[in-house]
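To start, the structure itself, in structure tokens.
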């Protein structure tokens, strides 16, 4: 075993915001003035919160569609998406509900990240909110054509049956939606001050929930909703034997409704805006309709604040806007302009592609099983010319049908095995709040602007700095400096998750390295020697780029942080020819061994769930390479064949 030559000076890790870089067009560095630091991120829910069992207990949407409508109604192949925003206690001042689960959302694992999301983000910016919000989906799966049913598309059911599924209080979808909204209100009873419904389905969903909890919405108008008398029954861990005194019964195993209630502390204004997707469906009048609807909402907010001057004034325990005052909100609403505002990096898992959430829709479906992401300036809707052969070749093992028969979902909640759904990677700093960073995350994003270097990487700059690590960088006894071996990292936001990564996982298991247990003496971390796509570069070009002094400085900063954070004795391995060349520059930090790809086992082991961000669907990190590319302008991922063949689960 190799050891570090010496322990470098301890460098204190300090949490704080970092909003210093303003990048120009064609840069790998994103505009941090608008999106915040790329070193900040969303860690996911705390592992002891009710969000874990709730998000891990999605109803059987495939079966529900068949039961209510006689046919499948939801795009299940790529999985669900629940939220974007805050999951901590009293962190939510604005709750946004809508149906915005499309291909951008499937790719980012966060809802409201495409065109509708960035249009709504602009409304939040006008409300002086840059972090204190939570987006929830009315349906956590993407739906084929909402309403009314279209017989030309084979939708042979009645609108009445559809509404029973969408709004009926006995519908499992509605019960689940209400349980999520109840917990949002319970967990944010001191901070929640506004609720926004985006689109017709969300309008009805908001009204249904408010009125079912004792509020009133006269004339079925969300703008007239009164939340004063709403009773929110608390939920907690525990087995429920029948409904509580209000008749509420949890559909989440191991979570129960109690008889205790909470009420929203603040006067909560409810507004409705049309779904921005209308603009695409009605080419003649859609955009004007949407703009007018957003302007009406802006006027309602102004009127409400003028009539309620103490609302969100920050006094007597009341919340205040994130970045300004209510006077600023009034000014913004009076001058409101319908446009895109990018979603901040702290709404996404660490190292999520910068292309996602940067404004507009940036992906397209390629059938029901694949999604293609395009570079800035490339034709939206084009599927590119990605090489699909690499994801269709026969592998040693083409996955397995686990996760209760739903491999398209993240690991599901099981109260008898709670660690199953709670096994994910918070990120390089662990659990942090929005806007915070740490020395490790700053180091992992300290790369130079590759667009200014020569030779340039294959990847278009708009995709940003990609996956630079996988594992536990804060306490690794094994450090692996590795080359890129597939395009899968673009979509998992973690290093080496394709076929070679799965072979490496087999090697790690055989050599006793495991990040999933409490014993930190056998933890590992994988660091990419280049965090951008260079697969189509020649070996000489890749080596020249990797040994650029600015790139080497970035690698040194990362390895130094890993060195500081790790135990006294650490083993170091360089995997791949370029990384073996780079490793020679850091023999003052580690004694690197060389490991050739041909020396890895041929058998594939699924990437450890503890290495992947929250919400990563189960099939990602299995079944070899699942992604392909076209000249750095288009990147595509595809569900494995065994996922496509999975029948409807029985429960």
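The values are calculated or read from the model by the stated rules, or taken from the named source; none is laboratory data. Predicted model only: the values in this text are computed from it and were never measured. Methodologically, a virtual Cβ is constructed for each residue, glycine included, from the backbone with ideal geometry; neighbour enumeration extends over all protein chains shown.
For the list (1) in a loop (DSSP other than H, G, I, E, B); (2) more than 30 Å from residue 320 (Cα to Cα), I need the number of the one condition that residue 67 fails.
Status for residue 67: all satisfied but (1).
Between 216, 256, 295, 265, which is out of contact with any helix residue (DSSP H, G or I) (no Cβ under 7 Å at 6 or more places or on another chain), over 29 Å from residue 321 (Cα atoms) and assigned by TED's automatic domain parsing to the domain that holds residue 119?
After ruling out the rest, the residue left standing is 256.
Free of Cβ contacts under 8 Å to residues at least 12 places away in the same chain and outside the structural domain of residue 446 (by TED's automatic domain parsing): does that describe residue 90?
So residue 90 fails the test.
Out of the residues in segment 159-180 meeting the condition of being over 25 Å from the mean Cα position of the chain (by Cα) and not in a loop (DSSP other than H, G, I, E, B), tell me which one is surrounded by the most Cβ atoms within 10 Å (Cβ to Cβ).
Among those that are over 25 Å from the mean Cα position of the chain (by Cα) and not in a loop (DSSP other than H, G, I, E, B), it is 165.
Have a look at 149, 80 and point out the one that is part of a loop (DSSP other than H, G, I, E, B) and surrounded by 21 or more Cβ atoms within 10 Å (Cβ to Cβ).
Only one candidate qualifies: 80.
Within segment 501-510, how many residues turn out to be under 22 Å from residue 559 (Cα atoms) and either within 25 Å of the chain's Cα centre (by Cα) or outside any helix (DSSP H, G or I) (or both)?
2
Suppose we filter 572, 629 for residues that are surrounded by 17 or more Cβ atoms within 10 Å (Cβ to Cβ), modelled with pLDDT of 95 or more and not in a loop (DSSP other than H, G, I, E, B); which single one remains?
Going through 572, 629 in turn, just one is surrounded by 17 or more Cβ atoms within 10 Å (Cβ to Cβ), modelled with pLDDT of 95 or more and not in a loop (DSSP other than H, G, I, E, B): 572.
Kindly indicate which of 590, 637 is crowded, with 17+ Cβ neighbours inside 10 Å and in contact with a helix residue (DSSP H, G or I) (Cβ under 6 Å, 6 or more places away or on another chain).
637
Is it true that residue 39 is outside the structural domain of residue 256 (by TED's automatic domain parsing) and in contact with a helix residue (DSSP H, G or I) (Cβ under 9 Å, 6 or more places away or on another chain)?
yes
Considering only segment 513-530, I want to know if a residue exists there that is out of contact with any strand residue (DSSP E or B) (no Cβ under 8 Å at 6 or more places or on another chain), at pLDDT 95 or above, part of a helix (DSSP H, G or I) and surrounded by fewer than 23 Cβ atoms within 10 Å (Cβ to Cβ).
There is no residue in segment 513-530 that is out of contact with any strand residue (DSSP E or B) (no Cβ under 8 Å at 6 or more places or on another chain), at pLDDT 95 or above, part of a helix (DSSP H, G or I) and surrounded by fewer than 23 Cβ atoms within 10 Å (Cβ to Cβ).
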